[in-house]
1. For the chain, set up a GNM with springs between Cα atoms under 10 Å and report which of 390, 89, 28 has the largest fluctuation.
2. Report relative contact order for the stretch 28-144 in percent, whole number only (criteria: Cα-Cα under 8 Å, sequence separation at least 6).
3. So if the hydrodynamic radius of the stretch 249-377 is defined as the Kirkwood radius over C-alpha pairs, what does Stokes-Einstein give as its diffusion coefficient at 20 °C and 1.002 mPa s, in µm² per second?
4. Quick one: helix 222-252 against the long Cα principal axis of the chain, what's the angle to the nearest 10°, folded into 0 to 90?
5. What's the center-to-center distance, using Cα atoms, between the stretch 1-65 and the stretch 156-232 in Å?
6. Which of these, 265, 173, 239, has the largest mean-square fluctuation under a Gaussian network model of the chain (Cα springs below 10 Å)?
7. Return one number: the angle in degrees, 0 to 90 and rounded to the nearest 10, between the long axis of the Cα atoms of helix 79-91 and the longest principal axis of the Cα atoms of the chain.
8. Kirkwood hydrodynamic radius of the stretch 7-331 from all distinct Cα pairs, in Å?
């Protein structure tokens, strides 16, 4: 059996990973952030790239060095806790938020503009067709690298390159002054805005799916699997950075065509219309629908792959169940879905970040079991304070916490916890063996 991939297969693997990540939030949030950041676009963009590109890439690397799966990442946690965490993350990136949101954005920006009187019926019909297509591709689990990496993604990336070049060559306005939180907290605001992509969650779960795809290509070596997984992450991160930088610049120079725009989708639509005229809507629709479709395929496949390992329901059956669930949830509406998802992200994203950090620091922890429990618990508790604030609860008494006003009350306590557990001794059963072995020697 072969132990190497051709360059074309490696590129296809990277493009597939890029397509899985590039979905609804990745396209609608950067223009809005750039528009509001204005002359503070650079620090805001750096903050956004940290959480929307840097963390997902580090997450992919963490999955690789942990052995390519969730069990490796969470081997120092009780099995029940690790399973609960995985289920919650898969529900968030699957049928509860990310996948239905992708379908809704595809409808709002890729289909609705061509309708004269769109209503609930049109949304329902679109949801059925869209998620049926995603289900069709997801059912062919072993052919993901070919159908997405070699077919869908090149078309998506070509459309994005055309848009990026047009924005640089013909910007539609001057960069205006920063607005709102971007005036004084540009980096921190961009950092938190990157949560909305949900890509750090996705990285932890896509890693398992990508490993499965690599093995279906005939790679059995753990070292080679790890190597190709990292290659895929680097290619995906490079593509995402290219997209984000161009969309941030688009938003920052949109003052001439999108004044008063309510969201990133409206900014993007107005900009594309100004650049390309009526044909621009077709270009934009192509980008949006392909981006959202490839992401949903990745999300449904990853969720089905994991859930089929938990219960005696096959992968294909889970694909059908999840696709139907996504279609149903998508009918809730985009604004309502985003409003519910943001507090959840603020509550759980720091836990994912802490888990990734622990993967790299584990070798320095004398007692990993205690370290993981303490650090993840601390990050969760303080992240819930941030989530409560975002949800609109009165938590003004917590203003004394460091970085609470920046939405990152979890950061300092989590770092302190990581330092503290470094000094927790190894379990007695392990430390007691050393003197005995010394005497025998």
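1. The residue that fluctuates most here is 390.
2. 10
3. Value of D from the Cα-based Kirkwood radius: 113 µm²/s.
4. It is inclined by approximately 40 degrees.
5. With the stretch 1-65 and the stretch 156-232 each reduced to a Cα centre, they are spaced 2 Å.
6. Between 265, 173, 239, it is 173 that shows the largest mean-square fluctuation.
7. 0
8. 19.8
Every read-out reported here was derived from the displayed coordinates using simple, explicitly stated rules and does not represent laboratory data. All figures in this text were calculated on a predicted structure; none of them were measured in a lab. Every residue, glycine among them, receives a Cβ derived from its backbone with ideal geometry; neighbour counts consider all protein chains shown.
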